[in-house]
Amino acid sequence: MTTQDPGARPGEALLRALPKVLLHDHLDGGLRPQTVLELADAAGHELPAGDADSLAAWFRDAADSGSLVRYIETFEHTIAVMQTADNLARVAREAVLDLAADGVVYAEQRWAPEQHLAGGLSLGAAVEAVQAGIDDGIAAAAAEGHIIRVGQIVGAMRQADRWHEVAELAVTYRDRGVVGFDIAGPEDGFLPSRHLGIWRFLAEHDVPVTIHAGEAAGLDSIGQAVHLGQADRLGHGARIIDDIAFTTDGDQAAELGRLAHWVRDHQIPLELCPVSNLQTGVAGSIAAHPITRLKELDFAVTLNTDNRLMSRTSMTHEMKLLVDEAGWTLDDLADVTVTAAWGAFIHHDERRDLVDQVILPGFQKVEGALV
Ligand SMILES: [Zn+2]
C-alpha cells in the first residue's frame, strides 16, 4: 500500500466523485425502501414495516443476523414486488439512477429471472422488462449529466433446477443486454457439479460466467467454480484466503496453496463485498476483511456492494470504510477500479476506453482536488 498523508484522506464528497465500476450488485437487493412500500401497497403484499425508514432498518437488521440463509429470506419481500414488467422496469431504472448518482460509470446488475414469473411473465419478457428499465435509467442519468453503462447478468438459483433454461436465456439475450451468467442462492451443497453440462454449453456460446463461490462455502466451491464452471470471475471468493498460510504477522510471509496460486496466476477477478461479508459472517471487521490482504498479495481484487438495500451500502460507503478503517489510499481505490474495468463483461477495446478515457482521468481530477 502506498503511504499517504493522513491529513489528505479523501472525504465522502470526493469519494462520491470518483468513477466507479461495480461488477456484483443484485437488482433485487438494491431497491429503494420507498419503492418497496409503494409497489407492495399496489400488489397487496404485506411488509414487516409501514414506512420507508423502519422498512430500511428492518432489511438491515434481518440481514445483520449473521446467517446467509436469513439474509436470503429478506429477498422474499423485494422479489414479491418485482412480478410485473412495469415493476421490473421501475426497479431497474431506479437502480441505474442510484448507481449513477453514486459515481458508478459501469455496472453489471445481476438477478434471477426465474423468480419473477409469478405474474405471468416469461423468462424472456422479464429480461426485456429489465432491459427497458435499464435503457430508461441510462437516458435519464445522461440527462442529469451522468454517463453510465449497465449490463445484465442473468442468474440461476442454485437450489432450483432451471440452470439449463437460464443458460439458454443468457445465450438468447447475449447481444440484447445480457453480458453474463451466474448462479446464486445457497452455496453449500449446491455446487457447479450439479449441472455439469451447462458450463460447456455457455463456453461454446461465448457467454462470460461469474459464479458465487467462497462466500458461504470454501475452497471446494471455489475450485469447482474455476475448474468445472470455467468462471471468468468469482462472486466474493473471499475464502480463497483459507488456502493461504500466513507464517508470521508480517505482510510478506504468505504461502499460497495450489488453488490460491491458480486464482492469482490467472488473475481471476474476485468480486469482494466487504459490508455484505460482515453481515454474513465472512469477516469480523472491515480492517480484518481479506480484501486488503488479498490486494496486497496481488490478487485481482474488485470492490462491490452486493445488496445495497440489505446492507445499507453504496460504492462510496464501501470506499469510505476501506479508507477509514483499513488504511486504503486513492491509489488503492484506483487499482481495484481499474481491475474491475478489465474484468468487466465487455470487449477488450471497450475496457481500454473505460480505463483510459473515464477512470484514470476521473481519479486524476479528484487527486488534483485533494492536493
Ligand atoms: Zn451476491
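The values are calculated or read from the model by the stated rules, or taken from the named source; none is laboratory data. Bear in mind the structure is a predicted one, so any value in this text is a computation, not a measurement. Note that we place each Cβ from the backbone using ideal geometry, even for glycine, and neighbour counts take in every protein chain shown. Each accessible area value is taken on the protein alone, full model and side chains, heavy atoms only, with ligands, DNA and RNA left out. Shrake-Rupley method; radii C 1.70, N 1.55, O 1.52, S 1.80 Å.
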- Out of (1) under 16 Å from the mean Cα position of the chain (by Cα); (2) within 16 Å of the ligand (Cβ to nearest atom); (3) not hydroxyl-bearing (Ser, Thr, Tyr), what's the single condition that is false for Val150? (2)
- Message: Checking the conditions here, which among Asp232, Asp243 is within 22 Å of the chain's Cα centre (by Cα) and on the phi < 0 side of the Ramachandran plot?
- Response: Asp232
- Matching entry among Val81, Val171 (being at negative phi and in contact with a Leu (Cβ under 6 Å, 6 or more places away or on another chain)): Val81
- Keeping to the range 192-211, report how many residues are within 20 Å of Asn277 (Cβ to Cβ) and open to solvent by 10 Å² or more (accessible area, probe 1.4 Å). 0
- Message: When you scan the range 65-80, do you find a residue that is closer than 15 Å to Asp306 by Cα, part of a helix (DSSP H, G or I), open to solvent by less than 10 Å² (accessible area, probe 1.4 Å) and not hydrophobic (A, V, I, L, M, F, W, C), even just one?
- Response: yes
- Note on the structure: Taking the range 148-187 and keeping residues in a helix (DSSP H, G or I) and among the charged types (D, E, K, R) leaves Glu165, Glu168
- Query: Filtering the range 283-305 down to residues that are more than 19 Å from Val323 (Cβ to Cβ) and open to solvent by less than 40 Å² (accessible area, probe 1.4 Å), which residue is farthest from the ligand (Cβ to nearest atom)?
  - Reply: Leu297
- Query: Can you pull out the residues in the range 41-63 that are touching a residue at least 40 places away in the same chain (Cβ under 8 Å) and either farther than 21 Å from Ser311 by Cβ or in contact with a His (Cβ under 9 Å, 6 or more places away or on another chain) (or both)?
  - Reply: Ala43, Phe59
- Query: Considering the range 339-371 alone, what residues qualify as being of a type in the set (Lys, Arg) and without any contact (Cβ under 8 Å) to a residue 24 or more places away in the chain?
  - Reply: Arg351, Arg352
- Item | Residue, farthest from Ala288 (Cα to Cα), within the range 213-246, restricted to residues that are within 11 Å of the ligand (Cβ to nearest atom) and either part of a helix (DSSP H, G or I) or open to solvent by 10 Å² or more (accessible area, probe 1.4 Å) (or both) | Ala216
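Determine which member of the set Asp356, Asp331, Asp349 is charged (D, E, K, R), open to solvent by 10 Å² or more (accessible area, probe 1.4 Å) and more than 25 Å from Val371 (Cβ to Cβ).
Of Asp356, Asp331, Asp349, the one residue that is charged (D, E, K, R), open to solvent by 10 Å² or more (accessible area, probe 1.4 Å) and more than 25 Å from Val371 (Cβ to Cβ) is Asp349.
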- Return yes or no: is Glu38 at pLDDT 95 or above, under 19 Å from Arg308 (Cβ atoms), away from the ligand (no atom under 16 Å from the Cβ) and not β-branched (Val, Ile, Thr)? yes
- Item | Those residues of the range 247-282 which are open to solvent by 10 Å² or more (accessible area, probe 1.4 Å), among the aliphatic types (A, V, I, L, M) and either outside any helix (DSSP H, G or I) or farther than 14 Å from Ala225 by Cβ (or both), in sequence order | Ala253, Ala254, Leu256, Ile268, Val275, Leu278, Val282
- Query: Which one of the conditions (1) under 18 Å from Ser314 (Cα atoms); (2) more than 16 Å from the ligand (Cβ to nearest atom) does Tyr71 fail to meet, given that it meets all the rest?
  - Reply: (2)
- Qualifying residues in the range 81-112 (those that are assigned to a helix (DSSP H, G or I) and within 16 Å of the ligand (Cβ to nearest atom)) - the one farthest from Leu39 (Cα to Cα): Leu99
- Checking Phe363 against (1) within 20 Å of Leu272 (Cα to Cα); (2) open to solvent by less than 10 Å² (accessible area, probe 1.4 Å), which single condition isn't satisfied? (1)
